[in-house]
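The structure appears below as structure tokens.
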Amino acid sequence: MSKLKLMDFWSPDCHVCENLLKVLHEIEAERDDIELITTNVFDDIDLCMEYKIQELPTLVIVKDGEIVCRMLGSQIKEDILEKIEEFKS
């Protein structure tokens, strides 16, 4: 089974993004069933367009190449973990 991709789209001038990134790194350290991909929106405009990013932060969960979940704005760790559990199997 392939790992879920947890894709975080952020900006360096977004304080909510910075806080979410800390939570995501905690989750990445605790779990071996996800791949965390962080993207500074200023560094990869094409990827942002591909994933239709319009709000920051945006968290996208990808399973088997398909977007299965999109979370916008500030998120708490428990909610992110719940979504990972929902889509990991």
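Computed values, structure above
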{"quantity": "In the stretch 9-21, the residues that are in a helix (DSSP H, G or I) and more than 15 Å from Asp79 (Cα to Cα)", "calculated": "His15, Val16, Cys17, Glu18"}
{"quantity": "Matching entry among Leu21, Leu4, Leu47 (being surrounded by fewer than 18 Cβ atoms within 10 Å (Cβ to Cβ), touching a Phe, Trp or Tyr at 6+ places or on another chain (Cβ under 7 Å) and of a type outside the set (Val, Ile, Thr))", "calculated": "Leu21"}
{"quantity": "Subset of the stretch 48-89 [touching a residue at least 12 places away in the same chain (Cβ under 8 Å), over 18 Å from Asp33 (Cα atoms) and not polar (S, T, N, Q)]", "calculated": "Cys48, Tyr51, Ile53, Glu55, Leu56, Pro57, Arg70, Met71, Leu72, Gly73, Ile76"}
{"quantity": "Which listed residue is crowded, with 16+ Cβ neighbours inside 10 Å, touching a helix residue (DSSP H, G or I) at 6+ places or on another chain (Cβ under 7 Å), part of a helix (DSSP H, G or I) and not acidic (Asp, Glu), from Ile61, Ile80, Ile84", "calculated": "Ile80"}
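Any read-out appearing in this document is the output of simple, stated calculations on the displayed coordinates, not a laboratory observation. This structure is a prediction, so every number in the text was calculated from the model and none was measured. Ideal geometry is used to build each Cβ from the backbone, glycine not excepted, and the neighbour counts take in all protein chains shown.
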